[in-house]
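Contents: one structure, followed by commentary.
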Amino acid sequence: MNPRQEPAMHAALLEQAHRAIEKKLPGRGDVYRLAYHLAPPVGWMNDPNGLVYFRGEYHVFYQHHPYSAQWGPMHWGHAKSRDLVHWEHLPIALAPGEAYDRDGCFSGSAVVMDDVLYLIYTGHTWLGAPGDERSIRQVQCLASSTDGVAFSKHGPVIDRAPEPGIMHFRDPKVWRRGEQWWMALGARQGDAPQLLLYRSGDLHHWTYLRCALQGQRESDGYMWECPDLFELDGCDVFLYSPQGLNPSGYDNWNKFQNSYRMGLLDDRGYFSEGGELRELDHGHDFYAAQTLLAPDGRRLLWAWMDMWDSPMPSQAQHWCGALSLPRELSRNGERLRMRPARELAALRQSQRTLAIGVVESGNCILAERGALLEFELTLDLAGSTAERFGLALRCSEDRQERTLVYFDAMARRLVLDRQHSGAGVSGARSVPIAKGQMQIALRIFLDRSSIEVFVDDGAYSLSSRIYPSPDSVAVMAFAVNGSGGFGQASVWHLADLHL
């Protein structure tokens with residue numbers, strides 16, 4: 001194609017996608033529509049792509065298929081916010097169509113240079129039959145915008161992998177380090193994962209540095225998607241999404257994981273590991289996490305709040321996928337701590353104090369009703385004798401539908417159980433509670449089809465999708481085989497922003 005024709009073709013593809021969204025919006029079903037989480041207007045959503053602060057606003061891009069609620073040729077959806085709470089959907093930023101990205105504008109980054117917003121993404125093409133991952137081509141591409149809304153493509157800036165045999169080669173994360181731009185890429189060499197690093201002075205011309213870290217198939221999976229490298233409290237963090245890990249104990253039970261390692265990245269591009277591989281969030285639905293550095297110095301994180309091959313009942317309502325709440329990252333010794341972004345307090349409306357006290361076995365106490373709730377409470381382990389005790393959330397009147405968050409005294413685990421959480425979903429996830437710990441502090445966010453549990457001031461988190469009936473809104477305190485003690489609890493009803 002003549003390069004002069006590309007802008008007109010891209011504009012036509014974006015307009016076509018916009019018309020598809022407008023056509024589907026009137027038929028969208030909202031039974032499971034999230035009230036305060038970012039989700040696509042219609043169609044499919046997965047990974048958060050570019051996260052960036054530009055001209056006084058936060059911008060979040062995401063993998064998007066506007067034509068159906070199934071995964072398809074990836075576009076870049078786009079939303080912005082001044083406060084991390086109220087989001088405005090903007091026109092789709094990127095549509096596939098050129099020779100180098102005709103089958104998908106895959107994940108990547110957004111950065112600002114000289115007051116221009118740049119997107120760096122993976123252009124994906126199937127060389128054989130669509131879906132045949134043994135025959136693909138992936139290149140790293142650049143696009144730019146002077147207004148943060150309309151983007152012009154500049155084509156590939158890295159048009160081949162650095163070594164023969166690398167076919168999967170994607171998800172560029174770009175950041176400023178000193179006077180240079182750096183890029184991290186996830187790659188697959190045979191059945192071994194790699195972290196590749198590049199460097200540039202202008203975003204257009206890139207020099208390959210090296211493979212900063214090489215994994216082993218047996219312990220590290222076969223591919224590291226969505227890499228992110230950043231400094232946090234004096235340590236470098238390699239955040240990524242490994243594919244192919246085997247379950248181990250209580251960890252790695254989702255199809256794919258979101259994990260991290262701490263270490264040190266030197267100026268030559270070597271990453272020295274300083275700690276073990278750890279799972280980032282222990283819920284059922286959390287993947288492809290990415291971060292941005294906020295103007296006030298906080299490291300903020302979003303993730304795709306779904307999981308490949310998981311039940312997605314909202315697909316029947318012409319939309320699918322959501323992003324987690326924004327989270328603030330900090331170090332907690334050799335672990336990361338994730339707290340809900342402080343701006344989310346603006347969602348709070350009416351507040352009530354719950355004096356649950358001690359609950360005896362078989363005597364459930366109705367604590368609250370609602371679908372859009374935030375809880376802050378403690379579980380008193382020292383004063384409890386129950387085998388397990390906690391909260392049953394989004395309960396139906398007959399209690400057959402429920403989502404459980406409870407302490408299991410025999411396993412010393414905090415458990416999120418969605419075995420009876422509504423359409424399609426099942427299973428339980430958990431995090432450890434240290435021997436001798438006397439209480440558990442919980443902060444829980446409920447939305448129409450999600451739950452996010454933050455444990456002990458964000459030392460652990462569990463994020464999962466749930467699909468209860470709209471009238472399943474009771475919250476019960478319960479105990480099994482003994483008594484369970486609850487400290488003072490606060491609950492807030494949250495605003496319905498219907499994003």
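The values are calculated or read from the model by the stated rules, or taken from the named source; none is laboratory data. Given the structure is predicted, the values throughout are model-derived calculations rather than measurements. Every residue, glycine among them, receives a Cβ derived from its backbone with ideal geometry; neighbour counts consider all protein chains shown. We work out accessible area using only protein heavy atoms, side chains counted, and drop any ligands, DNA or RNA first. Shrake-Rupley method; radii C 1.70, N 1.55, O 1.52, S 1.80 Å.
Under unit Cβ charges (Lys, Arg +1; Asp, Glu -1), what dipole magnitude, rounded to 20 debye, does the chain have relative to its Cα centre?
Once rounded to the nearest 20, the dipole reads 240 debye.
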Please work out the C-alpha center-to-center distance from the range 301-338 to the range 408-464 and express it in whole Å. 15 Å
Restricting to Cα pairs below 8 Å that are 6+ residues apart, what does the relative contact order work out to for the chain? Please round to a whole percent. 14 percent
Note the angle between two axes, namely the Cα long axis of helix 6-24 and the longest principal axis of the Cα atoms of the chain, as a number of degrees from 0 to 90, rounded to the nearest 10. 30 degrees
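How much length, in nm to one decimal, is gained on full extension between residue 89 and residue 207, taken as 0.36 nm per residue of separation minus their Cα-Cα distance?
Stretched out fully, the residue 89 to residue 207 stretch lengthens by 38.9 nm.
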Once you list every other residue whose beta carbon is under 12 Å from the beta carbon of residue 21, what net charge do they have if Lys and Arg are +1 and Asp and Glu are -1? +2
About its Cα centre, how strong a charge dipole does the range 345-494 have in debye, to the nearest 20, once Lys and Arg get +1 and Asp and Glu get -1 at the Cβ? 240 debye
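Using a 1.4 angstrom probe, figure out how much accessible area the chain has per residue, in square angstrom, rounded to the nearest whole.
Ligands and nucleic acids excluded, the result is 38 Å² per residue.
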Carbon/sulfur fraction of accessible area - the chain, other protein chains in place, 1.4 Å, %: 48 percent
Answer label for Cα extents along the principal axes in Å (calculated), chosen among (1) 74, 52, 43; (2) 69, 52, 44; (3) 79, 57, 51: (1)
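Set the Förster distance to 45 Å, then compute FRET efficiency between residue 19 and residue 160 from the Cβ-Cβ distance, nearest 0.05.
Once rounded, the FRET efficiency stands at 0.80.
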Would you rank 19, 443, 418, 369 by solvent-accessible area, highest first, keeping every protein chain in place and using a 1.4 Å probe? 19, 369, 443, 418
Mind grabbing the accessible area of residue 420 for me, 1.4 Å probe, Å², rounded to tens? 90 Å²
Of 195, 316, 183, which is farthest along the charge dipole of the chain in the positive direction, counting Lys and Arg as +1 and Asp and Glu as -1 at C-beta? 316
The range 66-123 and the range 192-243: distance between their alpha carbon centers, rounded to Å: 21 Å
Distance histogram for the range 437-489 (every C-alpha pair counted, 10 angstrom bins, percent rounded to whole numbers): 18, 43, 35, 3
Extreme residue, positive dipole direction of the chain, given options 45, 483, 438 (C-beta unit charges): 45
Tell me the net charge near residue 324. Cut-off is 13 Å between Cβ atoms, residue 324 excluded, with +1 for each Lys or Arg and -1 for each Asp or Glu. -4
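Can you list which of the trypsin sites (Lys or Arg not before Pro) found in the range 112-219 are DSSP loop residues with at most 15 other C-beta atoms within 10 Å?
134, 160
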Give me the net charge for the shell around residue 275: Cβ to Cβ below 10 angstrom, other residues only, Lys and Arg +1, Asp and Glu -1. 0
